[in-house]
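Okay, so here's the structure we're looking at.
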There are 2 protein chains.
Amino acid sequence: MSTDDNPVLRAIRDRRSIRRYTDEPVADAELTAILEAGRWAPSGLNNQPWRFLAVKRGDPRHERLAGCTKYPHIVRDSAACIAVLLEKEAMYSEIKDRQGAGACIQNMLLAIHALGLGAVWLGQIINDQALSLDALSLDPAQYELEAVVALGHPDQRGSSDRKPLSDLLLEKL
Amino acid sequence: MSTDDNPVLRAIRDRRSIRRYTDEPVADAELTAILEAGRWAPSGLNNQPWRFLAVKRGDPRHERLAGCTKYPHIVRDSAACIAVLLEKEAMYSEIKDRQGAGACIQNMLLAIHALGLGAVWLGQIINDQALSLDALSLDPAQYELEAVVALGHPDQRGSSDRKPLSDLLLEKL
């Protein structure tokens, strides 16, 4: 199989941030499949420090989350938001647990793309932990918010590009 | 398509850490496809702070890397090691750039699995930055080592399990 035909490599290459969504809700079976993908991320010592809270449009916490970001229209427009948290008691290394959270989020973004849905990784929303955790009625002593993944049925085509590999490789193969 | 048949969801669920490899080398075309997968990771502000250095078995740096970890046999046995680094000047947020590195590493791990190869994310090797960067002849003022991905043709079946989703979900869907 050439790498062009490989469905996993293709998903990795073709996935883009999607910031506009139709009104169609996302089924619970789809949300479950997405969270399952997050669950299978690797972690140092297999500590699995991540916790998830899915908040659907219509839930008052969904609108409250919109008030915690510079991009309220994305949250408001989304069918659901998945808050990805680290349980502080389950952490063993700030660096590695946050890297693991990134792996977990990427698994979910790829799953969302593979299901024909669209999403964006909201990062700015974690800057004010107290505000965002309060919107979710979660205790900042217990949780660190890593990101909010806003998702829905895509109402746009994603764009954005990447540096050529030659700019990232410290040395030719 | 059911989620069971979805090749992306399946790869996410079936990938495991592989720590034993055959003697067969990994082709440059495969290494390129793996690094391409890393290149397509998302980053905050699309800053793409990651840099890659691939070191193959036989390269003196490959053996030097083995001296930087509690798991020298894994490095020694691997066909190649990919050092994933952050270029300090390109970083904008310690938390988000490390999360991004995690997303980048996970893309590569999934690509490796999708190509029928196996890998393990070595995290302990980053604890002594000075030692590991010195083994790679890289400047610690310029780079932060995020992980080393050891890879090759699998000579074992992976195992390891995960917590049930119900333990990770703060609230039922």
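Here, each number is a calculation from the coordinates, and none is a lab measurement. What you see is a predicted model, and the numbers here were worked out from it, not measured in a lab. In this analysis, Cβ positions are derived from the backbone assuming ideal geometry, glycine residues included, and neighbour counts consider all displayed protein chains.
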(request) Scan (1) in contact with a strand residue (DSSP E or B) (Cβ under 7 Å, 6 or more places away or on another chain); (2) assigned to a helix (DSSP H, G or I); (3) facing chain A (nearest Cβ under 9 Å) for the single condition B:Asp97 breaks and write down its number. (result) (3)
(request) Identify all residues within the stretch A:123-156 that are surrounded by 14 or more Cβ atoms within 10 Å (Cβ to Cβ) and part of a helix (DSSP H, G or I); write none if there are none. (result) A:Gln124, A:Ile125, A:Ile126, A:Gln129, A:Leu131, A:Ser132, A:Leu133, A:Asp134, A:Ala135
(request) Look through the stretch B:1-28, keep the residues that are crowded, with 16+ Cβ neighbours inside 10 Å and among the small types (Gly, Ala, Ser), and return whichever of them is nearest to the chain's Cα centre (by Cα). (result) B:Ser17
(message) Going through A:Gly44, A:Gly38 one at a time, which residue ends up being farther than 20 Å from A:Leu109 by Cα and among the small types (Gly, Ala, Ser)?
(response) A:Gly44
(message) As an exercise: evaluate B:Asn46 against (1) facing chain A (nearest Cβ under 7 Å); (2) buried (at least 19 other Cβ atoms within 10 Å of the Cβ) and give the number of the one condition it does not meet.
(response) (2)
(request) Within the stretch A:138-152, track down each residue that is in contact (Cβ under 8 Å) with a residue 60 or more places away in the chain and more than 10 Å from chain B (Cβ to nearest Cβ). (result) A:Leu145, A:Val148, A:Val149, A:Ala150, A:Leu151, A:Gly152
(request) For B:Leu31, state whether it is in a helix (DSSP H, G or I), within 15 Å of the chain's Cα centre (by Cα) and more than 7 Å from chain A (Cβ to nearest Cβ). (result) no
(request) Run down B:Ser159, B:Ser78 and say which single residue is hydroxyl-bearing (Ser, Thr, Tyr) and surrounded by 22 or more Cβ atoms within 10 Å (Cβ to Cβ). (result) B:Ser78
